1. Out of the residues in region 52-101 meeting the condition of being of a type in the set (Phe, Trp, Tyr) and more than 15 Å from residue 112 (Cα to Cα), tell me which one is least open to solvent (accessible area, probe 1.4 Å).
Amino acid sequence: ATARSAATGGGALSNFQGQVNSMTKALQATFPSLMDHDFAGSTYICDFGNVIKGTSKKKSFKIKNPGYFNVSFDVDKQALAQHGFHVEPAKVVKLPGFPNHEEVDFVVSFSPK
């Protein structure tokens, strides 16, 4: 992380930046994988089976954040709609990871076009 010196309080900002750098180095040494910020996802198939044109089917599933950091994502609803899919919720903001490892319920519906 970098910070810029302000016109006032530059010394305090410099001291704070030094503390942040020291904490970051300590975290990197203690938990090297924690600082990588890699994304690891699982792939699953959501099989709707046979769906007749003019009808629709819904499937529900959960996504859990097993990591250390909050996770946010945004579904491109227009791109999915072009293929007959609708997802709710379309946006998740700051899904908590460690220590709570929260999860969110999703509903996907498919209506063949």
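The values are calculated or read from the model by the stated rules, or taken from the named source; none is laboratory data. The model shown is predicted, which means the values in this text are computed figures rather than measured ones. Surface accessibility is based on the protein's heavy atoms, side chains included, excluding ligands, DNA and RNA. Shrake-Rupley method; radii C 1.70, N 1.55, O 1.52, S 1.80 Å.
1. From region 52-101, those of a type in the set (Phe, Trp, Tyr) are 61, 68-69, 73, 85, 98; that's our starting set.
Of the ones still in play, those that are also more than 15 Å from residue 112 (Cα to Cα) are 61, 68-69, 73, 98.
Working: 61: 77, 68: 131, 69: 90, 73: 60, 98: 123 Å².
Among those that are of a type in the set (Phe, Trp, Tyr) and more than 15 Å from residue 112 (Cα to Cα), it is 73.
Let's see how each residue does on (1) over 30 Å from residue 109 (Cα atoms); (2) modelled with pLDDT under 90; (3) part of a loop (DSSP other than H, G, I, E, B); (4) not polar (S, T, N, Q):
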| residue | (1), (2), (3), (4) |
| --- | --- |
| 7 | yes, yes, yes, yes |
| 14 | yes, yes, no, no |
| 17 | yes, yes, no, no |
| 26 | yes, yes, no, yes |
| 45 | no, yes, yes, yes |
| 49 | no, no, yes, yes |
| 52 | no, no, yes, yes |
| 72 | no, yes, no, no |
| 86 | no, no, no, yes |
